[in-house]
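Comments concern the structure below.
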Amino acid sequence: MKLGDRSLIGHAINIAKKSPSIQRILISTDCPDIANEAIKYGGEVPFLRRAELASDTASEWSVWKDAVSWIVNNSEVCDALVMLSPTAPLRSLDNVENAIKLFYSTKCDGVISVTDAYRNPYFNMVKTNNDGQASLGISEIRPLHRRQDAPEFYDITTVCYVMRPNYIVESDHMMKGDIRCNHVPKENAIDIDTSYDFMLAEAMMQILKKTRNEIRNDC
């Protein structure tokens with residue numbers, strides 16, 4: 001799908017090309033059409049993803065493991081894997097560079113991108129039991145009456161992940177190691193999963209473009 005003047009995967013590749021920290025842009029896909037689109041924008045597609053890793057039930061973690069296996073099997077040198085999903089086309093270069101800097105400065109296993117959560121499980125998120133009765137997602141002994149009193153929660157966004165390759169190989173879940181959070185503004189954190197999300201991204205892109213033009217004119 002195209003957002004503005006380029007496809008979603010084109011947006012991801014464009015940011016990767018601008019990053020001084022990213023040395024090589026590899027694309028994981030099972031689709032020849034997407035592969036050709038990626039190559040058009042300057043990405044490499046040295047292998048096609050296996051069918052079992054392209055199903056609706058395949059995990060992203062398994063796809064990352066597959067990419068690391070290819071890197072290792074081809075004797076490539078890689079001290080960090082930076083994942084830029086096409087579903088977050090409004091990411092900025094700063095969002096990516098800040099995540100990479102946090103990864104190296106903390107020497108952690110990985111960095112995830114997060115943004116402020118719309119809801120809080122201590123305050124305004126609920127779950128239901130087998131009888132259909134509702135209760136707070138996380139209950140405190142003393143009920144909280146103000147969101148400000150609840151522990152802070154964040155939404156994970158696909159803007160940028162940075163992971164140590166060995167950690168991907170050795171772990172069976174992303175959150176089992178030393179994982180740090182790189183905070184991203186909401187305007188950069190739209191994650192496209194539905195047609196509604198796509199419409200939001202189109203609207204936000206126009207707002208961001210207008211804001212940049214106004215700043216440029218003021219200067």
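The values are calculated or read from the model by the stated rules, or taken from the named source; none is laboratory data. Computed from a prediction, not measured in an experiment: that's the story for all the values here. Glycine gets a Cβ as well: all are built from the backbone with ideal geometry, and neighbour counts include every protein chain shown. Protein only, heavy atoms only, side chains kept; ligands, DNA and RNA dropped before computing areas. Shrake-Rupley method; radii C 1.70, N 1.55, O 1.52, S 1.80 Å.
Results, tabulated for the structure shown:
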quantity	calculated
Segment Ala134-Arg50, extension gain: residue separation times 0.36 nm, minus the distance between their alpha carbons	26.0 nm
Ranking by accessible area, most exposed first, for His11, His173, His145 with a 1.4 Å probe	His145, His173, His11
Spread of Cα-to-Cα distances over 10 Å intervals beginning at zero, given as percent, for the stretch 122-219	11, 22, 30, 27, 8, 2, 0
Of the trypsin sites (Lys or Arg not before Pro) in the stretch 21-75, those whose Cβ has at most 14 other Cβ within 10 Å and which sit in DSSP loop	Arg24, Arg50
The stretch 80-153: chymotrypsin sites (Phe, Trp or Tyr not before Pro) in DSSP loop, at most 12 other beta carbons within 10 Å	Tyr118
Hydrodynamic radius of the stretch 159-207 per Kirkwood, over alpha carbon pairs, in Å	13.3
Cα-projected label distance for Ala150 with Lys210, points at 7 Å along beta-carbon direction, nm	3.2
Mean residue ellipticity (222 nm) of the chain, computed from DSSP H runs ≥ 4 via -39,500 (n - 2.57), nearest 500	-11500 deg cm²/dmol
Cα principal axis extents for the stretch 24-131, largest first, Å	51, 38, 26
Lysine pairs in the chain with Cα atoms under 18 Å, if 8 or more residues apart or on separate chains	10
The chain, accessible area per residue, ligands and nucleic acids excluded (1.4 Å, Å²)	61
Approximate shape of the stretch 81-139 as ellipsoid semi-axes (Cα gyration tensor, √5λ), whole Å, largest first	35, 14, 11
Cα radius of gyration and Dmax for the chain (Å)	19.5, 61
Protein accessible area in the chain, 1.4 Å probe - carbon and sulfur %	51
Added length on full extension, which subtracts the Cα-Cα distance from 0.36 nm per residue, Asp218 to Asp94	42.4 nm
